[in-house]
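See structure below.
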Amino acid sequence: MKKKIAYMFLLMILMCSLTGCFLWSINREISIFLGISIPGNLEIEYEDTHGGFHGDGITLARAQLEGKDAEKILKEIKDNDNWKSLPLPKNIEIVMYGGEKDSMMYESDLAEKLDMPKIQNGYWIFIDRYNNEKRVTDGEELFPRYSANYTVGIYDAESNILYYCKYDS
C-alpha cells in the first residue's frame with residue numbers, strides 16, 4: 001500500500017514538473033531566439049505544429065506586454081543591434097502577409113493566423129536558420145531556396161504586442 005501511495009505521489013510530482021516546464025518552454029524559446037528576456041510568468045498565446053520525422057511545422061506566438069514588462073522589453077529591443085525599426089523588408093513582408101515578387105504571387109497567412117495587422121510603429125528581427133545556421137538577415141536569400149527555416153520577431157510599439165513566428169519546412 002505504501003508503495004502505491006509513493007508511486008502516485010511521484011507520478012503527481014512528475015506531471016506537475018512537466019506541465020511547468022512546458023509552460024516555461026515557449027517563453028524560454030522566444031527569449032533565446034529573439035535575444036530578449038521574456039518573463040517566465042508571462043502568458044503567451046501560441047500554436048505549435050512542429051512534429052513528425054523531419055520536425056517541420058510552424059510555431060506562432062503572441063504576447064501582450066504591460067507596464068514594466070513592456071518598458072523592459074522595448075528597452076532591450078532598442079539596445080539590441082539585431083532588431084531593426086519597421087517597415088519590414090519586402091521578402092519578410094511577403095512571408096508574413098503574402099504578396100508579389102518577380103511576377104510571382106506568394107500566399108501566406110502567417111500574419112493572419114497571428115491576428116497581426118500591418119504594423120507601422122515597431123521593430124523586427126529575422127533569423128535565417130537555413131542549413132542549420134543562425135544568421136540575422138534581411139531575408140534577402142529566402143526565395144531562391146526549396147525549403148525555409150526562419151524565425152521572425154515583430155514588436156508593435158503602439159499596442160505593446162510581441163509576435164513570434166518560427167517556420168520550418
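Mind pulling the angle between the C-alpha long axis of helix 67-79 and the longest principal axis of the chain? Nearest 10 degrees, somewhere in 0 to 90.
It works out to around 50 degrees.
Within straight cross-link reach of Lys78, meaning Cα distance under 16 Å, which aspartates and glutamates are found once same-chain residues fewer than 8 apart are removed?
Result set, ordered by chain and number: Asp69, Asp156, Glu158.
Can you give me the Rg/Rh ratio for the chain, using Cα atoms for both radii and the Kirkwood formula for Rh?
Computed over Cα atoms, the ratio is 1.07.
For the chain, what does -39500 (n - 2.57) per DSSP helix run (n ≥ 4), summed and divided by total residues, give at 222 nm, in deg cm²/dmol to the nearest 500?
So the helix-based figure for the chain works out to -11000 deg cm²/dmol.
With a sphere of radius 13 Å drawn around the Cβ of Lys78, what net charge do the other residues whose Cβ falls strictly inside it have (Lys, Arg +1; Asp, Glu -1)?
-1
Taking 27 Å as the cut-off for C-alpha to C-alpha distance, list the pairs among Lys68/Lys134; Lys72/Lys166; Lys68/Lys118; Lys90/Lys166 that go past it.
Correct reply: Lys68/Lys134.
On a 0 to 90 degree scale, rounded to 10, what angle separates helix 2-34 from the longest Cα axis of the chain?
20
Got the relative contact order for the chain handy, in percent, Cα pairs under 8 Å and 6 or more residues apart?
22
In the chain, carbon and sulfur make up what percent of the accessible area (probe 1.4 Å)?
About 54 percent, which is the carbon plus sulfur part of the accessible surface.
Would you tally the net charge around Thr151, using a Cβ to Cβ cut-off of less than 10 Å, leaving Thr151 out, and scoring K and R as +1, D and E as -1?
Summing Lys and Arg as +1 and Asp and Glu as -1 gives 0.
Taking the Cα centre of the chain as origin and charging only Cβ (+1 Lys, Arg; -1 Asp, Glu), how large is the dipole, in debye to the nearest 20?
960
The values are calculated or read from the model by the stated rules, or taken from the named source; none is laboratory data. Note that the structure is predicted; figures quoted are calculated from it, not measured. Every residue, glycine among them, receives a Cβ derived from its backbone with ideal geometry; neighbour counts consider all protein chains shown. For accessibility, only protein heavy atoms count, side chains too; no ligands or nucleic acids. Shrake-Rupley method; radii C 1.70, N 1.55, O 1.52, S 1.80 Å.
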